[in-house]
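J.: Below you will find the structure I want to go over with you.
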Number of protein chains: 2
Amino acid sequence: MGEFELISRYFHAPFANFPGAERRIETGIGDDCAVLAPLSGRLVISTDTCVSGVHFPVDASAEMVAARSLGSSVSDLAAMGAEPVGFTLALTLPIINEDWLQGFGSRLFESALAWKIPLIGGDTTKGPLAVTLTVFGRVQDHCLYRHGASPGEDVWVSGALGDAAAALSLLGRPHASLTPLERQLYQRYESPQPRIKLGRELQGIATAAIDISDGLVADLSHICSASNCGALIEEDEIPLSSALLAAFSKEDALGFALQGGDDYELCFTAPQSARELIQSLSADVALSRIGSLRRESGVALRRHGEEVKLAPRGGYDHFKENSVS
Amino acid sequence: MGEFELISRYFHAPFANFPGAERRIETGIGDDCAVLAPLSGRLVISTDTCVSGVHFPVDASAEMVAARSLGSSVSDLAAMGAEPVGFTLALTLPIINEDWLQGFGSRLFESALAWKIPLIGGDTTKGPLAVTLTVFGRVQDHCLYRHGASPGEDVWVSGALGDAAAALSLLGRPHASLTPLERQLYQRYESPQPRIKLGRELQGIATAAIDISDGLVADLSHICSASNCGALIEEDEIPLSSALLAAFSKEDALGFALQGGDDYELCFTAPQSARELIQSLSADVALSRIGSLRRESGVALRRHGEEVKLAPRGGYDHFKENSVS
C-alpha cells in the first residue's frame, strides 16, 4: 500500500460531517497545501509531537495514541479560548500494520468529530512511531494568554486533578489486573477531554489561562512568570476525584494533583468580582477556586495553616539527563 | 538544559528581523498557541516530516537537515502561489548536542530570513531524530491548485531538473572526493531553493502548479490526474544543467530529471496565449516550456520523434515493501 492509498483509506473523513467545515476549508488533503477560507478573528496554532516510548508506552494501543495525541493538542486550543478549526497529522510509522491504522484512524475521527475539528492535511513517513499534530483554532475576540493575571485575583481549575498521573503510576501492571476504580483513572490518562466549551466561555472573564499538561505547580508557575506574580493555593481546595482518593492515600493523591501532568484540565485566573459569573458557566465540568495570586513570586501551598513553597519542577523535561555538552 | 532553555537559546529570532511579522504575528513561541492577527486572503498550510535515515542520511550535517527541511516545506507554499507567513517546528532529538543545535538553528534562521518566514511555534521532544515543519502562507487572490489545467495548454518547468537526484546518487562517496561539478549538484540537493517569487507571479496566469519533489513524471502526473487530462513532454526541451551533463551521460541525466525528485522546481501549466507573459516574468529563474497537455491520460515523452509512455512511479513511496498485512 502506498502513501496515497493509505491516506485515502484511513484518513479521509468528509468535511460534511463537521459543521461549518465545508465553508471554512476550501481544500483539505490532496494538494500541495490545505487552504482555509478567509476567517474572521484570529487564528491560533499549536504543534506537538508524541513519540513512542516517551509520550506513550511502546505497547500503547493505536486507539490510545490517537486519543491522547489529539486530546492534548486540542487542549492547547481550549487554553486559548479558541474554537477548533482543523488539524494536520504528520504520522511516522515503522511499518504498515493495517490493524493498527484501522484502530488509530477510527479513534482519531471519533475524537475529531466529538471536538468538531476536521483533518485538513498531513504527511505519512516511514520511521520510528511518532505523531505530530498541528491544530488550528479561531478566537473571535479575546485570546486567553498566560500573561494578564494580577495579584489579588483568584486561581481556578476545572475538573479533578491527579487522575492521569495516578494512572501513569499503574502503567506497569496488566490492564486485566486493574480494579474498576483504577480503570476509571486510566481512562482519564488514555482519553484526555479538552475543555473547549469552558475555554470559549472564559473569554473576557478569565485574565489568564493554561492547560494542565505538566502538573498544576508547573503550569500555574507559567502563568505566574508570564504575569509577573506568585500564587498561594489551598491544599483543601484542590479537587481530587473519589476514584483517586479511593485508590491512593490522600498524600499520594495530592502529590499526583500538584506535580503530575496529563490531566488537561484548565487552570485560569479571574478577578474576585467574577466568582458568581464563573460558577454560573454552563460548561459541563466542575470549577474549583483553589487559591489566589499575590505579589510574592513562586507557587506556595497552604496546608494545615502553614505555607509550603512548591518547587516548579518544570513538569516533564525530556532532556533533563541527556545533554552531551 | 531543559526544553525551555533550549528553545530560547537556539530557536528565538526576533520578529523585527522579518518584514511585516510584528504586525501579523501577535504571539509567537511561549504561550499555549501562537496567534496570527486577522489576515486578509486565504491561509494555506502544509505539514511535512523529515526522518533521519529516510529523508536525509543518518550522517547528514545539522545544516543540511535544516536547509532541506525548511526548503522542501516552503516549496509547498511556492507551489500554491503563496507568500510565506510563518512556520512551526516540531523537533525530535535523541540527545542534546549543542554543536548540532547550533548548526541546525543558525542554518534554519539563515534560510528563514532569506525566505521571510519566521518561526512562530514549536515543540522539542526526545526520540529518534526527526523534523516536522508546518508552514503557513497567505494567498491574496488565486491559489495555484493541481486541478485547473486543460488539454491544449503548455507545460512549463522552472530551473534545471535532475541535479538533486544526481547528487543523491553520489551520496555514498566522501564529500572530499567530489569534483567541483559534483559539489555543484550536491548543493542543489542540500539546499533546495523554493520558487516563492515565481509562484506568486504565476497567480492568475498558471492554471495548475505543483512543486517537483517526487520527480517530473510523478508530479506532472498529479496535475494530470487532478485536471483529468494527460501530458506529452518533449525530451529535447527538458532543462538539464551543464553541471549535470558534464558529470553524467545524457541518458542518466534525463533519467534523473524525469524520475528523480528533490529538485523543488515548479511545474505548471498555462494557456498558449500566456507564453509571452510567462517569458517576461521577473522571477530570477529560467522557465522552460517542455510540452503540452492533451485529452489522452498519462504522461508520455517524445524522443527522436517517437512517443514513449512514462510510468508514473509515484515518486518515493516510503512503504512500498513494508506492508505487514
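J.: What tally of residues in region A:237-254 results from selecting those that are closer than 21 Å to A:A300 by Cβ and free of Cβ contacts under 8 Å to residues at least 12 places away in the same chain?
T.: Selection size over region A:237-254: 2.
For every residue, the table says whether it meets (1) closer than 20 Å to B:R146 by Cα; (2) hydrophobic (A, V, I, L, M, F, W, C).
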{"position": "B:T207", "(1), (2)": "yes, no"}
{"position": "B:I212", "(1), (2)": "yes, yes"}
{"position": "B:E235", "(1), (2)": "no, no"}
{"position": "B:A247", "(1), (2)": "no, yes"}
{"position": "B:Q259", "(1), (2)": "yes, no"}
{"position": "B:A270", "(1), (2)": "yes, yes"}
{"position": "B:I278", "(1), (2)": "yes, yes"}
{"position": "B:A286", "(1), (2)": "no, yes"}
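J.: Are there any pairs with C-beta distances below 6 angstrom linking a residue in region B:44-57 that is within 7 Å of another protein chain (Cβ to nearest Cβ) and under 16 Å from A:L133 (Cα atoms) to a residue that is of a type in the set (D, E) and surrounded by 24 or more Cβ atoms within 10 Å (Cβ to Cβ), with the two at least 6 apart or on different chains, and if so which?
T.: Close Cβ pairs satisfying both conditions: B:S46/B:D76.
J.: How about region A:58-76: which of its residues are in contact (Cβ under 8 Å) with a residue 24 or more places away in the chain and more than 13 Å from chain B (Cβ to nearest Cβ)?
T.: Those that are in contact (Cβ under 8 Å) with a residue 24 or more places away in the chain and more than 13 Å from chain B (Cβ to nearest Cβ): A:S61, A:A62, A:E63, A:M64, A:V65, A:A66, A:A67, A:R68, A:L70, A:G71.
J.: Tell me which residues, restricted to region A:112-128, are at the interface with another protein chain (Cβ under 9 Å from one of its Cβ atoms), part of a strand (DSSP E or B) and touching a residue at least 60 places away in the same chain (Cβ under 8 Å). Spell out how you get there, then give the answer.
T.: Of the residues in region A:112-128, the ones at the interface with another protein chain (Cβ under 9 Å from one of its Cβ atoms) are A:120-128.
Narrowing the set further to residues that are part of a strand (DSSP E or B) leaves A:120-126.
Passing the criteria: A:I120, A:G121, A:G122, A:T124.
J.: Hey, among the residues in region B:210-232 that are crowded, with 22+ Cβ neighbours inside 10 Å and part of a strand (DSSP E or B), which one's farthest from the other protein chains (Cβ to nearest Cβ)?
T.: Selected residue: B:A231.
J.: Still on this model: When only residues in region A:108-130 that are crowded, with 20+ Cβ neighbours inside 10 Å and among the charged types (D, E, K, R) count, which is nearest to A:R68 (Cα to Cα)?
T.: A:D123
J.: For region A:129-138, state whether one or more residues are of a type in the set (D, E, K, R) and either at pLDDT below 95 or outside any strand (DSSP E or B) (or both).
T.: No, every residue in region A:129-138 fails to be of a type in the set (D, E, K, R) and either at pLDDT below 95 or outside any strand (DSSP E or B) (or both).
J.: Taking A:V85 as the residue in question, decide whether it is assigned to a strand (DSSP E or B), aliphatic (A, V, I, L, M) and assigned by TED's automatic domain parsing to the domain that holds A:P19. Write out each step before concluding.
T.: On the way: assigned to a strand (DSSP E or B): yes; aliphatic (A, V, I, L, M): yes; assigned by TED's automatic domain parsing to the domain that holds A:P19: yes.
Yes.
J.: Can you confirm whether region A:184-199 contains a residue that is within 18 Å of A:G148 (Cα to Cα), buried (at least 20 other Cβ atoms within 10 Å of the Cβ) and among the charged types (D, E, K, R)?
T.: Checking region A:184-199: not a single residue is within 18 Å of A:G148 (Cα to Cα), buried (at least 20 other Cβ atoms within 10 Å of the Cβ) and among the charged types (D, E, K, R).
J.: I would also like to ask the following. Go over the candidates B:A160, B:A149, B:A176, B:A167 one by one and state the one that is over 28 Å from B:T88 (Cα atoms) and in contact with a Phe, Trp or Tyr (Cβ under 7 Å, 6 or more places away or on another chain).
T.: B:A167
Residue-by-condition table, conditions (1) hydrophobic (A, V, I, L, M, F, W, C); (2) in a loop (DSSP other than H, G, I, E, B):
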| position | (1), (2) |
| --- | --- |
| B:L6 | yes, no |
| B:R9 | no, no |
| B:A13 | yes, yes |
| B:E22 | no, no |
| B:L39 | yes, yes |
| B:V44 | yes, no |
| B:T47 | no, no |
| B:V51 | yes, no |
| B:V54 | yes, yes |
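J.: When only residues in region A:1-43 that are among the basic types (K, R) and either more than 8 Å from chain B (Cβ to nearest Cβ) or loosely packed, with under 14 Cβ neighbours inside 10 Å (or both) count, which is nearest to B:L43 (Cα to Cα)?
T.: A:R24
Let's see how each residue does on (1) at pLDDT 95 or above; (2) outside the structural domain of A:I205 (by TED's automatic domain parsing); (3) among the aliphatic types (A, V, I, L, M):
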residue	(1), (2), (3)
A:A257	yes, no, yes
A:D262	no, no, no
A:L266	yes, no, yes
A:Q272	yes, no, no
A:I278	yes, no, yes
A:L281	no, no, yes
A:V324	no, yes, yes
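J.: So for region B:200-209 (the condition being within 16 Å of the chain's Cα centre (by Cα) and assigned to a helix (DSSP H, G or I)), does at least one residue qualify?
T.: Taking every residue of region B:200-209 in turn, at least one turns out to be within 16 Å of the chain's Cα centre (by Cα) and assigned to a helix (DSSP H, G or I).
J.: Give me the residue from region B:145-174 that is of a type in the set (A, V, I, L, M, F, W, C) and under 15 Å from the mean Cα position of the chain (by Cα) and, out of that set, surrounded by the fewest Cβ atoms within 10 Å (Cβ to Cβ).
T.: Residue satisfying both the conditions and the ranking: B:A160.
J.: Tell me whether region A:81-92 contains one or more residues that are more than 9 Å from chain B (Cβ to nearest Cβ), over 22 Å from B:G30 (Cβ atoms) and more than 21 Å from the chain's Cα centre (by Cα).
T.: no
The values are calculated or read from the model by the stated rules, or taken from the named source; none is laboratory data. Because the structure is predicted, anything quoted here is derived from the model rather than measured. Reconstructed Cβ throughout: ideal geometry from the backbone, glycine too, with neighbour counts over all protein chains shown.
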